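The values are calculated or read from the model by the stated rules, or taken from the named source; none is laboratory data. Here the structure is a predicted model, which is why all the values come from computation and not from measurement. Note: ideal-geometry Cβ built from the backbone for every residue, glycine included; neighbour counts use all protein chains shown.
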Amino acid sequence: MIPRHACTAGLSLSGSRTRQRGVNAIELIVGLLIMGIVTAIALPSMQSLRDGADIRGTTSEFLNAINTARTQALNLRVDVELSAAPGGWSNGWDLQYMYPGTTPVAQRVEGDQRVRKSGNVQITGSRNVLIFQANGLLDGGGAVFALCREGRARDITISPLGRVTNQEGSC
């Protein structure tokens, strides 16, 4: 009788040699070819998903900055300036609280902020400076911004009353 552990040495229970199976070169090449085809099909889709996430993220950040500027102007009863960073809106923006000179530093509830934009979205606008007055109105009339990346775009419009709309646009 053959011991049970002999099966692991390439022997069958009957004592004859068994042929060990593995992956041959042709099977390996076919597997790699299939993986390459699936990757080639999926890659453009992944790029499109990344572009879409980039435009949504930047739009959300920019809308948050606009809404924060208006809300803070109303709440603090001071003018709040939202301006393009050096080099334009595509590089980010600055939020400055325009406290009267007579307001002591200790009473200044909020400090100025600089936001560096993430992603690779281009932002163009009709104005480089937005000033929300203490009553929430946009000084100097309305403004329009276009955010664009790889054929995907969002248009942001701010009315003179400070109302913000966000809709799909075109590059």
Could you please find all residues in the stretch 139-171 being farther than 15 Å from Thr58 by Cβ, without any contact (Cβ under 8 Å) to a residue 60 or more places away in the chain and in contact with a Gly (Cβ under 8 Å, 6 or more places away or on another chain)?
Ala143, Val144, Thr157, Ser159, Pro160, Leu161
Pairs, please: C-beta under 7 Å, at least 6 apart or cross-chain, first residue over 11 Å from Arg116 (Cα atoms) and in the stretch 67-95, second charged (D, E, K, R) and at pLDDT below 90?
Gln72/Glu110; Leu76/Glu110; Leu95/Asp112
